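Notes follow once the structure below has been shown.
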Amino acid sequence: LQQPSTTMTDTAPTSGEDPIATIGTRLDDEIQAAEAPTTTNLLEAKPLAADSTVSSNPHIPSVSASAVLGESASMPADSKQCKGHDFENDVQIDSIMNSFLTTGFQATNLGLAVEQIKQMRAWRMSDTPWKEGDDEALQSMEVRQRIRARIFLAYTSNQISCGQREVLRFLVKNKMVDVIVTTAGGIEEDIIKCFQPTFMGDFKLSGKDLRKKGINRIGNLLVPNKNYCEFEDWVSPLIEKMHEEQDEAAVEWAKRVVEQQASKSDDPLPPRFVWTPSKMIHRLGKEINNHDSVLYWAAVNGIPVFCPALTDGSVGDMLFFHNYKKPGFILDINEDIRKINDLAVQSHCTGQIILGGGLVKHHTCNANLMRNGADYSVYVTTAQEFDGSDSGASPDEAVSWGKIRITAKPVKVSCDASIAFPLIVSQTFAQNVDQWKEETKSCVCWAADLDNDAEATN
């Protein structure tokens, strides 16, 4: 057999040539319809030159030489090199975290999440120049410097069940987030831990054996059933009291309606008080009066906590039992959806940090849809997108729905949040706490709130 051709642009094999050796050596073998537009890649393969020491070697098929040893384009001048942490010189956590950006894989995504959160916390309207046609009330640089991003924090119940609760409490206690979204477990587990601790266990403990002992397992955590009993003993009388308050308010409302109708007034009917999940959660935080509680600090600092599925847990069990005793207790989720959506719409910039998926992720993203998407986003989750679930969906999928702005640079960290989030907080919220408080004490998230702030000061 003759030796195969040495270039990528050979003509069809002549008689006597090895047909196998020349397959794929001509560009038109596979790209006869090359006229179709293509996307330019960062690196673009080039055929080996005919005088290359490799391609000119008569013992190496040219197709193999080009496939394996083809030249590449030069990397952009600003390309970062992959390099991990050097423990010979430094063992400090800050230095280790800084090295994550160039470590690769999820370490780099974690580093990017840190950068994203730094940006959402640092954003001020003064970063964006005022232009003709904008609200004249926002033209003053002094005003623009006082308007910051509204930060939404969403987390699933397991983040409260585990030691992440203390991390979340730090954020809420120091008013570092503005809106919270969680599940029923994220509410009740916080209250339960004020009465009794959660214990360390093992993922492999027998469910059958634990059930016989009245011990509930959450991963490798153990919660004795008596913990829930204490919570239910505490919350049941509170639900009864809230029901009484609801009925008293309804009577007063009815009296005002009758008086208004008797006077033939054209004024709109007075607002009617009903409980909502966020109002009930605020009450729980106020009543528990425990400094270890996330909900306590949310109530103290006026941070709304939304939980549209509040009945999906022990609270729901108690409401179920209460309804047999005294029907008529109302939880209005419609008022809450208006409230959380308004908080998103009435923001000049928003950031969202979402730990986990499911309801909390969608509820937070959907609120930001009402303002054409969040400006900054960080997902921390182990869910993947191959099954089409919202829990595993990438940030880019949210861009397609308008839940994240097309100009944003969102980050998804595929990692257990109990590992990733404390590290993220160590490099963001936990840095220069007093300085951040001082810089933001006169800031608001919506321009109209500047007037409210001035009235409150006076």
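Values as computed for the structure displayed
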item	result
Where a residue in segment 212-239 is closer than 13 Å to SER314 by Cα and its partner, wherever it lies, is loosely packed, with under 15 Cβ neighbours inside 10 Å and of a type outside the set (Lys, Arg), with Cβ under 6 Å and at least six apart	ASN225/GLY214
Among (1) at pLDDT 95 or above; (2) surrounded by fewer than 18 Cβ atoms within 10 Å (Cβ to Cβ); (3) of a type in the set (Gly, Ala, Ser) - the single one ALA454 does not satisfy	(1)
Residue list for segment 369-382, restricted to those being in contact with an Asp or Glu (Cβ under 9 Å, 6 or more places away or on another chain) and either under 17 Å from THR407 (Cβ atoms) or of a type outside the set (S, T, N, Q) (or both)	MET370, VAL380
Which numbered condition HIS85 fails, given (1) part of a helix (DSSP H, G or I); (2) open to solvent by less than 70 Å² (accessible area, probe 1.4 Å); (3) over 30 Å from ILE333 (Cα atoms)	(1)
All positions within segment 406-437 that are in contact with a Lys or Arg (Cβ under 9 Å, 6 or more places away or on another chain) and either closer than 13 Å to TYR376 by Cβ or of a type in the set (Asp, Glu) (or both)	THR428
Selected residue [in contact with a Leu (Cβ under 8 Å, 6 or more places away or on another chain) and farther than 22 Å from ALA417 by Cβ] from LEU269, LEU319, LEU343	LEU319
Condition check for ASN290: surrounded by fewer than 24 Cβ atoms within 10 Å (Cβ to Cβ), under 18 Å from the mean Cα position of the chain (by Cα) and either in a helix (DSSP H, G or I) or not basic (Lys, Arg) (or both)	no
Condition met for LYS409 (touching a residue at least 60 places away in the same chain (Cβ under 8 Å), of a type in the set (Lys, Arg) and farther than 21 Å from ILE187 by Cα)	yes
Residues of segment 168-197 classified as open to solvent by less than 30 Å² (accessible area, probe 1.4 Å) and either assigned to a helix (DSSP H, G or I) or of a type in the set (D, E, K, R) (or both), total	13
Lone unmet requirement of (1) at pLDDT below 95; (2) exposed (fewer than 15 other Cβ atoms within 10 Å of the Cβ); (3) in contact with a Lys or Arg (Cβ under 8 Å, 6 or more places away or on another chain); (4) not aliphatic (A, V, I, L, M) for GLY214	(1)
Residues being touching a helix residue (DSSP H, G or I) at 6+ places or on another chain (Cβ under 8 Å) and either of a type in the set (D, E, K, R) or open to solvent by 50 Å² or more (accessible area, probe 1.4 Å) (or both) - total across segment 129-146	6
Count - residues of segment 295-320 that are in contact with a strand residue (DSSP E or B) (Cβ under 8 Å, 6 or more places away or on another chain) and open to solvent by less than 30 Å² (accessible area, probe 1.4 Å)	9
Pair list, Cβ under 6 Å, 6 or more apart: segment 344-355 residue at negative phi and of a type in the set (Phe, Trp, Tyr), other residue surrounded by 24 or more Cβ atoms within 10 Å (Cβ to Cβ) and modelled with pLDDT under 95	none
Which listed residue, of GLY402, GLY373, GLY358, is surrounded by fewer than 20 Cβ atoms within 10 Å (Cβ to Cβ) and farther than 24 Å from LEU310 by Cα	GLY402
Any hit, segment 95-112, residues being without any contact (Cβ under 8 Å) to a residue 24 or more places away in the chain, outside any helix (DSSP H, G or I), of a type in the set (S, T, N, Q) and open to solvent by less than 50 Å² (accessible area, probe 1.4 Å)	no
Check on ILE117, closer than 30 Å to GLU189 by Cβ and either in a helix (DSSP H, G or I) or under 26 Å from the mean Cα position of the chain (by Cα) (or both)	yes
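The values are calculated or read from the model by the stated rules, or taken from the named source; none is laboratory data. Nothing here was measured: the structure is a model prediction, and the numbers come from that model. Heads up, the Cβs are rebuilt from the backbone with ideal geometry, glycines too, and the neighbour counts pull from every protein chain shown. SASA here: full protein model, heavy atoms, side chains in, ligands and nucleic acids out. Shrake-Rupley method; radii C 1.70, N 1.55, O 1.52, S 1.80 Å.
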